[in-house]
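**Q** This is the structure I have questions about; it appears just below.
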Amino acid sequence: MDLRSSVAAQQYAATRPATAAKQAPGGMGGLEKAAQDFAQTLQKGEETALSAMAGGADAHSLVQALAQTELAVETAVTVRDKVVEAYQEILRMPV
Amino acid sequence: MNELANTLAVSASGMKAQAGRLRFLSENIANADTPGYRRKTATFDQDMQAGQATGQVTTGPVVLDQQPLARIYSPGHPLADENGYYDGSNVDLIVEIADAREAQRSYEANLKMFEQARQMSQSLLQLLRR
């Protein structure tokens, strides 16, 4: 048996421990992007509200931005409720 | 969800355009007695972004009504010519009021669409709650 190839395989295995979290291709990135979109929507709503107070933006864009922010917050709250509910369901599971 | 958000944006643009139209109408009514004033009319254009229509509406450049100005007989007026006439405005109050009512109805229609899109998105999220 070639010693070098087994050493190389060992080192290759050592660089990827089995317990390390694998970077899921879609799952984590999608969630991260959704969170970024959410934060962006909130920020846009805040900016529009600020400029409407200062007299820059008109009431229509204020109402539109606030409606979109409300929508985003409601979506986030609903998803969070679902996740917490699922987590509690797991905690209640008899071991 | 994106479609409903787009609906909100389109309805808001419609309301904004009608508000701009109402602003010109109020200018016309305020200047109904101004000599030489031509009534302003708002034009509506499709909103274009990167060469593609977004579905939203914008108000285009102001167009002045080229109908002849009203000749008003008033010999004591400083602007009156040798025959005692001067050029008034070509604003017809009845037309302005009718136009304003049309703007109001259009605004209400856009408002209803806005409300409906919001209700639809909220009832969609209601599905997830029990």
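All of the numbers you see were taken from the coordinates with simple rules; none came from a lab. All figures in this text were calculated on a predicted structure; none of them were measured in a lab. Cβ atoms come from the backbone with ideal geometry, glycine included; neighbour counts cover every protein chain shown.
**Q** Can you sort B:MET113, A:MET93 from fewest to most other Cβ atoms within 10 Å of each residue's own Cβ? If you can, show how the numbers build up before the last one.
**A** On the way: B:MET113 17, A:MET93 7.
The fewest-first ordering by Cβ neighbours comes to A:MET93, B:MET113.
**Q** Rounded to the nearest 0.05, what FRET efficiency is calculated for A:GLU47 and B:GLN126 with R0 set to 22 Å and r the Cβ-Cβ distance?
**A** Values: r = 29 Å, r/R0 = 1.32.
Taking R0 as 22 Å, the efficiency between A:GLU47 and B:GLN126 is 0.15.
**Q** Also, quick follow-up: First measure r as the distance between the Cβ atoms of B:ASN6 and A:GLU32, then evaluate 1/(1 + (r/R0)^6) with R0 = 22 Å and state the FRET efficiency to the nearest 0.05. Mind showing how you got there, number by number?
**A** On the way: r = 24 Å, r/R0 = 1.09.
Efficiency for this residue pair is about 0.35.
**Q** Determine, from the Cβ-Cβ distance of A:GLN40 and B:THR34 and an R0 of 30 Å, the FRET efficiency 1/(1 + (r/R0)^6), rounded to the nearest 0.05.
**A** On the way: r = 48 Å, r/R0 = 1.59.
Calculated transfer efficiency: 0.05.
**Q** Okay, moving on. 5 Å is the cut-off here: which amide hydrogens, built 1.01 Å from N in the peptide plane, fall below it relative to B:ALA70, excluding neighbours closer than 5 in sequence?
**A** Sorted by chain and number, the residues that satisfy this are B:GLY88, B:SER89, B:ASN90.
**Q** Using only the alpha carbons of chain B, determine the length spanned along each of the three principal axes and report them from longest to shortest in whole angstroms.
**A** So the three principal-axis extents are 81, 33, 16 Å.
**Q** Could you please rank A:HIS60, B:HIS77, placing first whichever residue has the fewest other Cβ atoms within 10 Å of its Cβ? Walk me through the numbers on the way to the answer.
**A** Details: A:HIS60 20, B:HIS77 14.
Ascending number of Cβ neighbours within 10 Å: B:HIS77, A:HIS60.
**Q** Would you please name the GluC sites (Glu not before Pro) within region B:51-120 that are DSSP coil residues with at most 10 other C-beta atoms within 10 Å of their C-beta? Mind showing how you got there, number by number?
**A** On the way: sites: B:GLU82, B:GLU96, B:GLU102, B:GLU108, B:GLU115; in loops: B:GLU82.
Sparse-neighbourhood loop GluC sites (Glu not before Pro): B:GLU82.
**Q** Mind putting together the pair-distance distribution for region A:24-91? All Cα pairs, 5 Å bins, whole percent per bin, short to long.
**A** The calculated distribution, bin by bin, is 4, 16, 17, 18, 15, 11, 9, 5, 3, 1, 0.
**Q** Considering every Cα-Cα pair within the protein assembly as shown, what fraction, in whole percent, is farther apart than 26 Å?
**A** Details: 15675 of 25200 pairs.
Within the protein assembly as shown, distances greater than 26 Å cover 62 percent of Cα pairs.
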